[in-house]
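What follows is one structure encoded as structure tokens, with my remarks underneath.
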Amino acid sequence: MKILSIGNSFSLDAQRYLHRLAKKEGVNLKTVNLFIGGCPLRKHYVNMLNDSASYSLWFNGEGTGFFVSLRQALTSDEWDVITLQQASTLSANYDSYQPYLSELAKYIRKYCPKAKIYIHETWAYENGCARLEELGYHSSREMYENIKKSYQRAVEEIQADGLIPSGRAMLRASETGLKKAHADTFHASIGAGRYLLALTWYKTLTGRDIAQNSFDELEEEITNEEREIVINAAEYAVKSLG
């Protein structure tokens, strides 16, 4: 399976372990992330119009040093899955999604008509995070409820093929005992957080069992208890999609 993400640091977090986790399970995933820090849908749209080679290309979770345009990335391979997402600060505000999301979806379908489009549901900031208050929220759950509504609407409006529920996986892990889901109150933590995201993507896109996942190439150690919380949270999030 070949996966291309048009995203930012949140998709970078999600893909960091994804290729290696799948490989350890005997599954070959090619994962490519088009990275611009904090990039919102509007900027992706402007880059699309300008055919701007401003994306740092990450391959199988590693930086390459190359820069490409959306068109170059889309036409570089026959992608199975292409993901879109809003920047985290705007994810709860659906007014910020359009018309950019729909135009990007049209562009993807023009160059990659056989690819499935998935919406990557980003996550809420950590409880106590100053950014929560700046956005007018009192808790992660409050922010996530608006994020959830926005991403569900996004799926419906562009008739996406699916949703990757990273947001609900992160919230579930935090609410069931994971003390370090976030690294800096908004990005995913290097060990447990990124592992959780990889499991959520892997389960969503392949449908394979993760109950006994033993991937251990994490850049920050986690305990057996944390591993259990993370696996359960990923399973819960994917099952919640129905």
Next item on the list: Only one of these is modelled with pLDDT of 95 or more, closer than 19 Å to residue 214 by Cα, touching a Lys or Arg at 6+ places or on another chain (Cβ under 6 Å) and of a type in the set (D, E, K, R): 16, 20. Name it.
Entry: 16
Notebook entry, point to check: Checking residue 25 against (1) within 27 Å of residue 182 (Cβ to Cβ); (2) at pLDDT 95 or above; (3) surrounded by fewer than 23 Cβ atoms within 10 Å (Cβ to Cβ), which test does it fail?
Noted result: (2)
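This table checks each residue for (1) free of Cβ contacts under 8 Å to residues at least 24 places away in the same chain; (2) open to solvent by less than 10 Å² (accessible area, probe 1.4 Å); (3) small (Gly, Ala, Ser).
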site: 172; (1), (2), (3): no, no, no
site: 187; (1), (2), (3): no, no, no
site: 202; (1), (2), (3): no, yes, no
site: 205; (1), (2), (3): no, no, no
site: 211; (1), (2), (3): no, no, yes
site: 216; (1), (2), (3): yes, no, no
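With part of a strand (DSSP E or B) and either among the polar types (S, T, N, Q) or farther than 14 Å from residue 17 by Cα (or both) as the only criterion, which of 178, 163 stands out?
On the way: 178 fails: part of a strand (DSSP E or B).
That would be 163, the only listed residue that is part of a strand (DSSP E or B) and either among the polar types (S, T, N, Q) or farther than 14 Å from residue 17 by Cα (or both).
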Next item on the list: Exactly one condition in (1) part of a loop (DSSP other than H, G, I, E, B); (2) open to solvent by 50 Å² or more (accessible area, probe 1.4 Å); (3) of a type outside the set (Lys, Arg); (4) touching a helix residue (DSSP H, G or I) at 6+ places or on another chain (Cβ under 6 Å) is not met by residue 236; state its number.
Entry: (1)
Item checked: Tally of residues being under 18 Å from the mean Cα position of the chain (by Cα), over 22 Å from residue 162 (Cβ atoms) and either crowded, with 16+ Cβ neighbours inside 10 Å or among the β-branched types (Val, Ile, Thr) (or both) across region 61-95 -> 1
Check: Among the residues of region 9-20, is there at least one that is open to solvent by 20 Å² or more (accessible area, probe 1.4 Å), within 20 Å of residue 204 (Cβ to Cβ) and part of a loop (DSSP other than H, G, I, E, B)?
Finding: yes
Note to self: Against the condition over 28 Å from residue 227 (Cβ atoms) and at pLDDT 95 or above, how does residue 158 come out, does it pass?
What the structure shows: yes
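Do you know which residues across region 132-156 are assigned to a helix (DSSP H, G or I), touching a helix residue (DSSP H, G or I) at 6+ places or on another chain (Cβ under 9 Å) and surrounded by 15 or more Cβ atoms within 10 Å (Cβ to Cβ)?
Applying the first criterion (assigned to a helix (DSSP H, G or I)) to region 132-156 yields 132-134, 140-156.
So of that shortlist, the ones also touching a helix residue (DSSP H, G or I) at 6+ places or on another chain (Cβ under 9 Å) come out as 132, 134, 140-144, 146-151, 153-154.
Correct list: 132, 140, 142, 143, 144, 146, 147, 148, 150, 151, 153, 154.
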Note to self: If residue 53 meets every condition in (1) in contact with a strand residue (DSSP E or B) (Cβ under 6 Å, 6 or more places away or on another chain); (2) small (Gly, Ala, Ser); (3) part of a strand (DSSP E or B); (4) more than 17 Å from residue 84 (Cα to Cα) apart from one, which number is that one?
What the structure shows: (3)
Check: Is at least one residue of region 35-54 acidic (Asp, Glu) and either surrounded by 17 or more Cβ atoms within 10 Å (Cβ to Cβ) or on the phi < 0 side of the Ramachandran plot (or both)?
Finding: no
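The values are calculated or read from the model by the stated rules, or taken from the named source; none is laboratory data. Fair warning: this is a prediction, and the values are worked out from it, not measured in the lab. Using ideal geometry, Cβ is built from the backbone for each residue, glycine included, and neighbour counts are taken over all protein chains shown. Only protein heavy atoms, including side chains, enter the accessible area calculation; ligands, DNA and RNA are left aside. Shrake-Rupley method; radii C 1.70, N 1.55, O 1.52, S 1.80 Å.
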